[in-house]
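Only one structure is covered here, and it is reproduced in the block below.
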Amino acid sequence: MTEPIRVFLVDDQDLVRAGFRMLIDSQPGLTVVGEAGDGGEALERLAVTRCDVVLMDVRMPRLDGVEATRRLAARPDPPRVIVLTTFDLDEYAFAAIRAGAAAFLLKDATPETLLDAIRTVHAGDSVVAPSTTRRLLEHFAGVLPDPAAASVVPDRRLDALTERERETLVLVGRGLSNAEIAADFVVSEATVKTHIGRLLAKTGSRDRVQLVVLAYETGLVGS
């Protein structure tokens, strides 16, 4: 029998955590193994609680979700973190992703979206859809590095990339899906997946989200 996906909840609102718990525990293959009201408490409890996926709020007292995510990511074999944000308010969401979060979700996402995100992140993928990536980058354009400044100093993470891999990284950074990239290159989606797999390995990126961040940080894509 397959072990259930273990989820840990971090949010400073009791009602929010209760709602998440009821939803997640109602699903086969998912179970809530713990919860915390802020980042500091989460780190303490996660030190002794095994879990697979953490739902992490951004704005919390004592220790916010950005720093909690950063400290979690530094631990051996850390759980995957989904950042929860109100999007129109949380300028820290992008910082949390850079700190090590696997993905982000809007707090007004549908229950189906949340459950699918947990399963997808647990499988090692990103839940940031291309259209959502575009909206995220538009919203956080003001805190992204200046491409002109970034291009002055070459980034060694790009040294090993082939020209086609660089082109792929640019399109990923612009929020294109694998199907859209395949159409642009006139190749199969399987070929695009191969390019992205090599990009992840060569740049040390965890997932598609980090590739998007890399494309902007290195100036390959401008805001």
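The values are calculated or read from the model by the stated rules, or taken from the named source; none is laboratory data. Fair warning: this is a prediction, and the values are worked out from it, not measured in the lab. Methodologically, a virtual Cβ is constructed for each residue, glycine included, from the backbone with ideal geometry; neighbour enumeration extends over all protein chains shown. Side chains are part of the model used for accessible areas, which takes the heavy atoms of the whole protein and leaves out ligands, DNA and RNA. Shrake-Rupley method; radii C 1.70, N 1.55, O 1.52, S 1.80 Å.
Report the one residue of PHE8, ALA47, VAL58 whose Cα lies farthest in the direction of the positive end of the charge dipole of segment 1-79 (charges on C-beta: Lys and Arg +1, Asp and Glu -1; origin at the Cα centre).
Farthest along the dipole direction, towards plus: ALA47.
Out of residues 5 or more away from GLY34 or on other chains, whose amide H comes under 5 Å of its own, with H placed 1.01 Å from N in the peptide plane?
Amide H to amide H, under 5 Å and 5 or more residues apart or across chains, GLY34 pairs with LEU9.
Could you calculate the contour length gain from ARG156 to GLU3, that is, 0.36 nm times the residue separation minus the distance between their Cα atoms, to one decimal place in nm? Intermediate results must be reported in sequence, preceding the final value.
Details: separation 153, 0.36 × 153 = 55.08 nm, distance 4.05 nm.
Taking ARG156 through GLU3 to full extension adds about 51.0 nm, to one decimal.
Starting from the residue with the highest accessible area, list HIS195, HIS122 in decreasing order, probe 1.4 Å. Don't skip to the answer; put the middle values down first.
Numbers: HIS195 25, HIS122 85 Å².
I get HIS122, HIS195, largest accessible area first.
Mind giving me the nanometre distance, one decimal, between the label points for ASP14 and ARG98, set 7 Å out from Cα along Cα→Cβ?
3.7 nm
Taking amide hydrogens as modeled 1.01 Å from N in the peptide plane, which residues meet the under 5 Å criterion relative to VAL81, leaving out close sequence neighbours?
Result for VAL81 returns VAL54, ALA102, ALA103.
Enumerate the calculated ³J(HN,Hα) couplings along segment 188-194 in order (Karplus 6.51 cos²θ - 1.76 cosθ + 1.60, θ = phi - 60°), each rounded to whole Hz, writing x wherever the residue is Gly or Pro.
7, 4, 4, 5, 5, 4, 5
Order the following by accessible area, largest value first: THR2, THR168, THR49, THR162. Probe radius 1.4 Å; ligands, DNA and RNA are ignored.
Order by accessible area, largest first: THR2, THR162, THR49, THR168.
Round to the nearest 0.05 the FRET efficiency obtained for ALA74 and ARG198 when R0 = 22 Å and r is the Cβ-Cβ distance.
For R0 = 22 Å, the calculated efficiency reads 0.25.
For ARG50 and ARG206 in the same chain, what is the full-extension length gain: residue separation times 0.36 nm, less their Cα-Cα distance, in nm?
Residue separation times 0.36 nm, minus the Cα-Cα distance, leaves 54.1 nm.
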